Amino acid sequence: MMKVIVTGASGFIGKSLIKELYKHDIEVIAIVRNRNKIPELVDSIKIIEMDLSHPTSEFFDIIEPSVSLVHLAWNGLKNYESIEHIEKELPMHYDFLKSVIGLGVKNIVVTGTCFEYGLQSGKLSEEFDTKPNNPYAYAKDALRKKLQFLQSGSDFHLTWIRPFYIYGDEQPDNALYSQLRLAVQRGDLLFNMSGGEQLRDYLHINDVVIKISKLVRAQKNLGIVNICSGLPISVRRLVEQWVDEGMWDIQLNLGYYPYPVHEPLAFWGDTEKYNKITKLGV
């Protein structure tokens with residue numbers, strides 16, 4: 001049976017991913033800071049409560065070369081501009097991953113971000129140069145480069161997944177989908193948003209974890225892989241779809257907020273590499 005350690009297992013992606021991995025007869029070890037934040041799933045999922053900056057002996061006891069690590073954990077996601085992404089998160093996550101690799105783990109899957117592409121517009125391919133323009137994106141891009149340098153002297157597989165926009169239930173309150181649902185629950189007549197003409201790439205959380213699960217189970221050195229739909233949609237049209245699907249009685253107050261300065265007006269992901277990987281039976 002394949003064994004997979006998932007850090008950040010109580011997060012938005014993590015909670016859905018461990019359910020998806022379990023469907024494929026995988027032994028999952030969930031790493032969380034607070035076990036009360038992870039739902040009761042199945043008896044066979046082992047939970048280890050710890051801070052990544054201070055791994056416990058219980059964690060080290062489960063480390064072996066046959067184990068795969070999916071590293072989702074990262075703090076401070078509500079503020080992409082915080083310098084702590086560079087000063088605190090980057091060194092902590094590199095030290096943690098380096099220690100795991102040093103103990104012989106051969107398959108590492110780490111989440112990056114589409115913001116590594118910076119302000120580049122249009123369809124974004126994994127072959128594009130990175131041009132991060134906020135501390136969060138810079139820290140993620142730097143972590144990837146450090147791990148790639150580490151590969152020159154260590155034998156391990158690295159898959160660096162770059163999720164684009166994700167939506168679904170239990171998403172953090174600052175996400176667009178969550179903000180809309182909260183407005184509906186409050187009984188608001190209007191939903192304040194930007195002009196909504198920007199083109200984005202959105203994928204439901206269920207589809208996201210299916211894609212990630214396939215890459216994890218491949219146990220190969222896949223490099224950077226976009227996790228996206230490949231289908232650009234205007235934010236206005238997307239929100240209108242959500243309103244229609246939910247049969248919600250709320251009007252869009254377009255233009256209330258300015259467009260974000262840390263994002264281009266139109267960008268979406270290229271799915272060609274992911275499609276090629278999965279067509280090869282991975």
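Observations on the structure shown:
- Of all the residues in region 216-228, those that are assigned to a helix (DSSP H, G or I) and crowded, with 21+ Cβ neighbours inside 10 Å number 1.
- Matching residues in region 235-282 - criterion: being touching a Gly at 6+ places or on another chain (Cβ under 6 Å) and surrounded by fewer than 14 Cβ atoms within 10 Å (Cβ to Cβ): GLY255
- Close Cβ contacts (under 8 Å, 6 or more residues apart or on different chains) running from residues in region 262-281 that are closer than 16 Å to PRO163 by Cα to residues that are among the basic types (Lys, Arg) and part of a helix (DSSP H, G or I) comprise TYR274/LYS211.
- Breaking point among (1) surrounded by 17 or more Cβ atoms within 10 Å (Cβ to Cβ); (2) touching a Lys or Arg at 6+ places or on another chain (Cβ under 8 Å); (3) assigned to a loop (DSSP other than H, G, I, E, B); (4) polar (S, T, N, Q), for GLN171: (2)
- Boolean, LEU52 is in a helix (DSSP H, G or I) and not polar (S, T, N, Q): no
- Matching entry among SER66, SER82 (being surrounded by 14 or more Cβ atoms within 10 Å (Cβ to Cβ), over 18 Å from the mean Cα position of the chain (by Cα) and assigned to a loop (DSSP other than H, G, I, E, B)): SER82
- Listed by first and then second residue, the pairs with beta-carbon distance under 6 Å, at least 6 apart or on different chains, first residue in region 101-115 and among the basic types (Lys, Arg), second assigned to a loop (DSSP other than H, G, I, E, B) and surrounded by fewer than 21 Cβ atoms within 10 Å (Cβ to Cβ), are LYS106/PRO65; LYS106/PHE156.
- When the residues of region 17-41 are filtered to those that are farther than 16 Å from MET1 by Cα and over 21 Å from the mean Cα position of the chain (by Cα), the one that is modelled with the highest pLDDT is ASN36.
- Residue tally, condition surrounded by fewer than 18 Cβ atoms within 10 Å (Cβ to Cβ) and either small (Gly, Ala, Ser) or part of a loop (DSSP other than H, G, I, E, B) (or both), over region 85-125: 10
- Residue among HIS54, HIS93, HIS71, HIS85 that alone is touching a Phe, Trp or Tyr at 6+ places or on another chain (Cβ under 9 Å) and more than 22 Å from GLN219 (Cα to Cα): HIS85
- Qualifying residue in region 189-204 (condition: under 19 Å from GLU20 (Cβ atoms), part of a helix (DSSP H, G or I) and under 17 Å from the mean Cα position of the chain (by Cα)): no
- Flag if ARG181 is basic (Lys, Arg), crowded, with 16+ Cβ neighbours inside 10 Å and touching a helix residue (DSSP H, G or I) at 6+ places or on another chain (Cβ under 7 Å): no
- Conditions (1) within 30 Å of HIS157 (Cβ to Cβ); (2) part of a helix (DSSP H, G or I): number failed by PHE267: (2)
- Only one of THR159, THR130 that is under 16 Å from the mean Cα position of the chain (by Cα), hydroxyl-bearing (Ser, Thr, Tyr), crowded, with 16+ Cβ neighbours inside 10 Å and not in a helix (DSSP H, G or I): THR159
- For VAL184, the stated conditions do not hold, so it cannot be described as more than 16 Å from PRO260 (Cα to Cα), modelled with pLDDT of 95 or more, assigned to a helix (DSSP H, G or I) and within 13 Å of the chain's Cα centre (by Cα).
The values are calculated or read from the model by the stated rules, or taken from the named source; none is laboratory data. Please read these numbers as outputs of a predicted model, since none were measured by experiment. Glycine gets a Cβ as well: all are built from the backbone with ideal geometry, and neighbour counts include every protein chain shown.
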